[in-house]
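> My structure is below; once you've seen it, I'll send some questions.
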Amino acid sequence: MGARASFPMVTLTKNRIIVVTGANTGIGYEIAKHCAFMGATVILACRSEARARNAMERMQQEYESEVITAHGENNRLAIEFMHVDLSSFKSVVTFCDEFKKTGRQLHVLFCNAGLGMAPYSVTVDGLELILQANYLGHFLMIAKLLDVMKRSGPDCRILLTASSAHSAARRIDISTMNFTGNERDYSQIVYYGRSKAYQIMQAITMTSRLKGSNISVNSFHPGLVATEFGRYINNSCLKCCVKCICGCGCARTPIQGATCGIDLAVNPDYSGVSGHYWIDCRITEPKSCVRNEETQIAVWRESFKFLKDYLTEDEINAMEGK
Ligand SMILES: NC(=O)c1ccc[n+]([C@@H]2O[C@H](COP(=O)([O-])OP(=O)(O)OC[C@H]3O[C@@H](n4cnc5c(N)ncnc54)[C@H](OP(=O)(O)O)[C@@H]3O)[C@@H](O)[C@H]2O)c1
């Protein structure tokens with residue numbers, strides 16, 4: 001980890017509402033945990049209720065041993081579970097409807113859940129899994145919750161856990177955004193890299209659309225982190241490599257991987273800072289494949305096409321900053 005990578009311990013109130021997707025393990029767990037430790041209400045948006053509830057129990061226990069013992073405080077964390085499966089548009093819509101029904105504000109939407117190195121698979125919506133779970137599911141969630149964030153007062157933040165693996169996207173070809181070719185030609189690395197490239201581009205494009213609003217959008221790379229991320233790898237050689245890297249201490253711990261994300265979520269210095277890609281709490285230039293404005297716009301427009309049955313005209317207009 002870069003020497004400067006750290007996050008400030010700020011005091012957040014329970015009225016600060018933070019949604020973290022994929023918060024039951026890995027990087028998302030640490031992001032949710034530390035935001036909750038600082039006092040915010042954190043919603044763990046996960047696909048497995050059992051895994052989320054286990055995580056919440058662990059979080060509370062860690063709070064009691066790490067914070068309450070040290071400071072003599074006696075609070076329960078404000079953590080809640082809400083179900084969402086990002087590989088299903090219907091599930092994302094239900095999640096957003098349920099969230100809206102609570103009448104709550106939304107200050108930080110942390111789009112962290114993701115999978116990579118997964119074998120080729122098609123979702124219930126007929127799309128390649130990594131494209132939908134990592135990118136389009138979150139895109140839909142953002143579009144549906146944007147009006148809530150617009151009404152939630154100053155300094156609302158959308159954060160996307162991207163990856164330096166966006167470099168694997170190489171040349172971005174809109175016509176193959178959704179993989180429809182022969183399974184033998186499918187590359188997990190390329191499609192994972194592309195999903196992360198789209199997220200970095202989304203932060204840039206949305207920033208230009210939302211200029212002057214109360215919402216900032218940033219993406220970050222957590223580093224190579226020893227999490228459950230490699231669980232879907234079906235190539236035994238690659239699985240062995242990942243195991244060695246994680247086992248030999250070369251990879252970061254989940255909290256080290258989450259540090260930049262936590263900083264982006266809570267650091268008051270970043271209020272209104274938008275459209276950047278961050279590594280180790282520093283703004284960094286992403287690879288050239290995501291910096292081309294024409295490609296950014298093409299990806300942006302194509303994303304709406306995938307979601308045409310799920311977004312209203314008002315939601316599209318809000319995303320376009322109209
Ligand atoms: N680990 C790394 O080296 C690394 C490097 C760069 C970027 N990243 C990014 O960091 C993010 C977090 O990854 P991680 O390393 O913490 O991996 P992880 O330990 O595997 O955690 C991934 C999280 O995403 C959730 N998730 C996966 N598919 C989902 C779906 N369809 N709907 C809802 N939730 C879903 C998982 O839920 P379940 O537990 O139910 O499966 C889990 O909570 C990802 O976006 C990843 O691309 C990781």
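Read-outs: derived from the displayed coordinates by stated rules, not from any lab. These numbers were taken from a predicted model, which means no experiment stands behind them. With ideal geometry, Cβ positions are generated from the backbone for all residues, glycine too; neighbour counts draw on all protein chains shown.
> Per residue of region 52-61, in order, report the coupling 6.51 cos²θ - 1.76 cosθ + 1.60 (Karplus, θ = phi - 60°) as ³J(HN,Hα) in whole Hz, putting x for Gly and Pro.
Couplings: 5, 5, 4, 4, 5, 5, 4, 4, 5, 5 Hz.
> For residue 76 and residue 57 in one chain, what is 0.36 nm times their gap in residues minus the Cα-Cα distance, to one decimal in nm?
Result: 5.8 nm gained on full extension.
> So between residue 297 and residue 320, what do we pick up on full extension, going 0.36 nm a residue minus the alpha carbon distance?
Contour length minus the Cα-Cα distance gives 7.2 nm.
> Quick one: of the DSSP bridges fully inside the chain, what percent are antiparallel, nearest 5?
15 percent
> Determine the shape class of region 59-158: with a ≥ b ≥ c the square roots of the Cα gyration tensor eigenvalues, call it rounded for a/c under 1.5, and otherwise prolate if a/b is greater than b/c, oblate otherwise.
Oblate, since a/c reaches 1.5 and b/c is not below a/b.
> While we're on this one: For region 145-251, what does the alpha-carbon gyration tensor say about shape, rounded, prolate or oblate, given a ≥ b ≥ c as the root eigenvalues, a/c under 1.5 as rounded, and a/b over b/c as prolate?
oblate
> First select every other residue whose beta carbon is under 10 angstrom from the beta carbon of residue 179; then total the charges, Lys and Arg +1, Asp and Glu -1.
Local charge sum for residue 179: -2.
> Only Cα pairs under 8 Å and at least 6 apart count here; give the relative contact order of the chain as a rounded whole percent.
Value for the chain: 21 percent.
> Would you mind putting 139-150, 226-237 in packing order, based on average other-beta-carbon counts within 10 Å, highest first?
Going from most to least packed, we get 139-150, 226-237.
> What percent do you get for the relative contact order of region 31-179 when only Cα pairs under 8 Å and 6+ apart count?
The value is 23 percent.
> Where in region 58-127 are there GluC sites (Glu not before Pro) that are in a DSSP coil and have at most 13 other Cβ atoms within 10 angstrom of their Cβ?
Filter output for region 58-127: 73.
> Using the Kirkwood formula over every pair of different C-alpha atoms, what hydrodynamic radius in Å results for region 238-322?
16.7 Å
> Can you give me the distance in nm between label points at residue 240 and residue 187, each placed 7 Å from the Cα along the Cα-to-Cβ direction?
Label-label distance for residue 240 and residue 187, simple model: 2.4 nm.
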